Amino acid sequence: MPTISLQVNGKTVSGEVQGNTLLTDFLRQNLGLTGTHVGCDTSQCGACVIHVNGDSIKACTMLAAQADNASVTTIEGLSQGDDLHPVQAAFREAHGLQCGFCTPGMIMSAADLLSKNPNPSEAEIRSWLSGNLCRCTGYHNIVKAVQIAAGQMSGQRIAAE
Amino acid sequence: MTAQGIGAAVKRREDFRFIKGDGKYTDDINLPNQTYCYFLRSPVAHAAIRNIDISAAQSAPGVVAVFTGADVDASGAGGVPCGWLVTSRDGNPMKEPKHPILAVGKVRHVGDPVVAVIAETLEQARNASELVQMDLDELPAVVNMKSALQGGSSVHEEAADNLCFDWELGDQAATDAALAGAAHVTKLDLVNNRLIPNAMEPRVAIGQYAPGTEDYTLYTTSQNPHVIRLLMGAFVLSIPEHKLRVYAPDVGGGFGSKIYHYAEEALVTWASKHIRRPVKWTSDRSEAFMSDAHGRDHLSHVEMAFDADNRIIALKCETLANMGAYLSTFAPCIPTWLHGTLLAGQYVTPAIYTNVKAVFTNTVPVDAYRGAGRPEATYILERTISKAAQELGVDQAELRRKNFIQPNQFPYQTPVAVVYDTGDYEPALNKAMELADYAAFEQRRAEAKSRGKLRGIGVASYIEACGIAPSSLVGALGARAGLYEAATVRVNPTGSVSVLTGSHSHGQGHETTFAQVVADKLGIDIGNVDIVHGDTDKIPFGMGTYGSRSIAVGGSALVNALDKVIEKGKKIAAHLLEASADDIEFANGAYTVKGTDKSKAFGDIALTAYVPHQYPIETLEPGLEETAFYDPKNFTYPAGTYICEVEIDPQTGSTQIVSFSAADDFGNVINPMIVEGQVHGGVVQGVGQALMENAVYDDNGQLLTGSYMDYTMPRADDVPSFKVATLAGTPCTHNPLGVKGCGEAGAIGAPPAVINAIVDALKEYGIDHIDMPATPEKIWRAINAQPRMAAE
């Protein structure tokens, strides 16, 4: 079995994996990072979205071996200590979650959107999030949360400049 | 209203763990020494089992055990029980064939579990399952409900004609007479399409047996752990309640599909004793499509009669309801007592008659899915009345208004058994029309026309019955359980409060709303309240969460328990303040002697109850913990009006929802933010049913929509943002909070609003109906069929 070594949430981790081990299984089973969820088996639901080298990807559609040497951020690593990431805070502020199962993937996907497009339109938000299924919220408050987070983050950037 | 109390839009307390990835769902639980179970399921819809050879699988690497239906049968285990007995109109009970945990003798639907393979890893279990030889003699599949009733192949020997029951409600003679003498009769054949619930978290079950104490634990994705304990313990595995713990931790959505006791739960529990190790099963999504109970699947013929003044004088409805291959927990009650009883809707209808035939087919069992019977009833009424408006040449909103039950008619006895306690329907209609800018619609239609697009507007005024329901009533109607709810309020010595509730939260936000009720009643900070749910070892009892019953029934139990706490506190306060208990008032977290400034804080009373040095110990027990069981006095009847506006591209048949407005009367509201969130989610599930979702079986009973690649659910870019108004409304008259329930309204009201809008947009083509789901293909074909028909 190949041994892989990667950065996960800022820490170097390594482990033996089978060639066919999915990255989701490595995160959930080997590392105990159960915030990354599995909601389907066809790469359709997006509950498993994480960041690999700064891009959001569906961890169910990547082999653990492919993540060798990569830098991975999961939902557990998004906040800085007790300080929530603005997208996390906005999801709570706007009631952008109900059962919470799709939420980690939805937040990771939205955070990537705002890193690439800091001021998206509603249509751009909806289009970007179309790879993430939510059965509870009807998306209304998720869109609102992303808009709030966008405003928050641009305010932070202006303050920093 | 305080910032944290009843009526405040308190941000959810449970969110912190979910947004940080710290939620604890059943699949996140791993027990020491656990094994993994893989279910080998029937690949065909209907077959006799000739032989199952498991020998190669038994000796495969890592395999711990392999079980078949014969093993389960030999142990004396019962079948998966049904919780509701419906009686046919001829007085005979419904046909209730056994539903084995693992198939015995026959397989009856694609996905029917046949063999359980248990191994050290899931991969080993899955690999070993491929070594099982299933020798099946295929039988003709029973798929279509109409042909199922015409004989031929039978799903069960006990029901040769595949008829489970033949039920009726209402006055047939009066209804037929009114129809015969009507000035106008609108007729419609309707399909209520089969849906697959698809909570985002797939089902999971972990069984654990402790040989030392002979205790069992089942960890499961359930909306009602006590009901699972009752059904599995008493009817399937003969495990007494005190030896069986059922624990449903964070649950990732349910929508009805996690009410029922499923075979997999029983098997892992049963097997854990046989192998003396924990057994874990996690459904993958493909498995969920063919093993979670499906929803809806009705075919109805409707006739609605009007007098010359356009008043509804009668409604007749004949329905075929698909039960699937076995009777799921609540299945028989859905098309009957949760459906026929809602056929009056918001209207004065002097005569109603409905007949429902429930049919066995070789498909996945069908049971409650968000709304459960009430969406089907609402679709029947609201599609038909909009079609009637088109035929009569009157406005669809005004035809509804004309027929509304008036505020002075409440309590209102419908001709279909139920009594609406309260309601006022015009304000919701008016509000929805205002939100939708209904008055200016024709300008928007003309503007769209100039761009080559077809605009339509659709109205739906729904009513639902929530908070199921008085135990004596449901008992008379066939329920095999009571439908009360229980709550314990445990005041801790330092004045913090733990609430143990039988309601279960799987997205509804009880940890916030129930805490708001406590904070409001006891005058304490919400941060000092903990809401505990989901664990039969912690919570005295409970019937769980479905039918929008949590706040109406569970919340009422909570209020009653709080009242008991407050009353006991008065006696303690009276002793400390040297006054009569009758003179003690409780408000804003303090007990005060009437007309004086002598007062004790709630926290002081709590401490005294547990440190009873200065205490009326001769007449009062120490401690401050109270339990209440609340049995509802009636259903609650939320109502509202939804208006949908669509734009259709006639070139492609694709529909865009350009506006959706909702005005709801939910009675009193605990947390308006959460209530609106429930409406958003329900509406999108309703939009999904109307536009895209459809479980499709081919003639052989193969499920063609078995994954997210084939079964289309709404995504973020399929829907707009909504205009939602929760009205001050009419508080429920028979529960202590005056609440009605809001969880299902969206899924009930949205489908007819969407379809009415589509039909309105297409009326220039002479199209008077489109079946759900109104896919682009269906609309395109309807548009393109019309000119050819005209030419012929």
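Bear in mind these aren't lab numbers, they're just calculated from the coordinates by the rules spelled out. All values derive from a computational prediction rather than experimental measurement. All Cβ positions, glycine included, derive from the backbone under ideal geometry; neighbour counts span all protein chains shown.
Work out which helices of chain B, taken as complete DSSP H runs, extend at least 20 Å along their axis over the Cα atoms and score a mean Kyte-Doolittle of -0.5 or more, then list them. Helices passing the filter in chain B: B:555-577, B:672-691, B:745-761. Between the amide H of B:Thr361 and those of B:Met323, B:Gly324, B:Ala325, distances stay under 5 Å, these residues lying 5 or more places away or on another chain, with hydrogens modeled in the peptide plane.
What translational diffusion coefficient, to the nearest whole µm²/s, does the protein assembly as shown have by Stokes-Einstein, given a Kirkwood radius computed over alpha-carbon pairs, a temperature of 20 °C and 1.002 mPa s viscosity? Write out the running numbers ahead of the final one.
Values: Rh = 29.1 Å.
Taking Rh from Cα pairs, D becomes 74 µm²/s.
Its Cα gyration tensor gives segment B:218-300 an equivalent ellipsoid; the semi-axes, largest first and in whole Å, are 24, 15, 13. Projected over all directions and averaged, the alpha-carbon convex hull of segment B:402-525 occupies 14.2 nm². Estimated from helical segments only, the mean residue ellipticity of chain A at 222 nm is -9500 deg cm²/dmol, where each DSSP H run of four or more residues counts as -39500 (n - 2.57). Roughly how far apart, in whole Å, are the Cα centres of segment B:303-355 and segment B:143-204? Here the answer is 10 Å between Cα centres. For segment B:648-792, what ratio Rg/Rh do Cα atoms give with a Kirkwood hydrodynamic radius? On the Cα set of segment B:648-792, Rg over Rh gives 1.07.
Cross-link reach is defined here as a Cα-Cα straight distance under 24 Å, omitting same-chain residues fewer than 8 places apart; for B:Lys633 the lysines meeting it are B:Lys521, B:Lys564, B:Lys740.
Per residue of A:42-49, other chain Cβ atoms within 10 Å of the residue Cβ number 3 on average. One chain, two ends: B:Ala70 and B:Gln406. Fully extended at 0.36 nm per residue, the span grows by 114.9 nm beyond their Cα-Cα distance.
Mean partner shielding of peptide A:90-97, defined as the number of other chain Cβ atoms within 10 Å of each residue Cβ, is 5. Using alpha-carbon positions, what is the distance between the centroids of segment A:15-37 and segment B:36-78, in Å? Going from one Cα centre to the other spans 29 Å.
Rounded to the nearest whole angstrom, the semi-axes of the ellipsoid equivalent to segment B:61-219, taken from the Cα gyration tensor as √(5λ), stand at 43, 20, 18, largest first. Across all directions, the average flat footprint of the convex hull enclosing the Cα atoms of chain B is 37.0 nm².
Entry note: chain A has Rg to Rh equal to 0.98, where both radii use alpha-carbon atoms and Rh is the Kirkwood radius. When the alpha carbon gyration tensor of segment A:86-153 is reduced to an equivalent ellipsoid, its three semi-axes come out at 16, 13, 10 angstrom, largest first. Rg over Rh for segment A:3-76 works out to 0.91, both radii taken from alpha-carbon positions and Rh defined as the Kirkwood radius. A protection proxy built from the mean count of other Cβ atoms within 10 Å ranks the segments B:756-768, B:193-205, most packed first, as B:193-205, B:756-768. Taking the average, over residues, of other Cβ atoms within 10 Å as the packing measure, peptides B:97-104, B:630-637 rank B:630-637, B:97-104 from highest down.
Provide the FRET efficiency to the nearest 0.05 for the B:Lys763-B:Asn33 pair, computing r from the beta carbons and using R0 = 56 Å. Could you put the intermediate results ahead of the total?
On the way: r = 66 Å, r/R0 = 1.18.
Efficiency computed from Cβ-Cβ geometry: 0.25.
Here the extension length gained between B:Leu620 and B:Asp189 equals 148.6 nm, from 0.36 nm per residue of separation less the Cα-Cα distance.
Would any residue of segment B:7-50 have its amide N under 17 Å from a label point 7 Å out along Cα→Cβ of B:Asp710? List them or say none. Correct set: B:41-46. Measuring r between the beta carbons of A:Asp55 and A:Gln156 and using R0 = 22 Å, the FRET efficiency lands at 0.50.
At a Förster radius of 60 Å, what calculated FRET efficiency corresponds to the Cβ-Cβ distance of B:Glu585 and B:Asp717, to the nearest 0.05?
0.60
Report the net charge of residues surrounding B:Ala47, where surrounding means a beta-carbon distance below 12 angstrom and charges are Lys +1, Arg +1, Asp -1, Glu -1.
Spelling it out: positives minus negatives among the neighbours equals -1.
Peptide B:709-721 has a mean of 6 when you count, residue by residue, the C-beta atoms of other protein chains within 10 Å of its C-beta.
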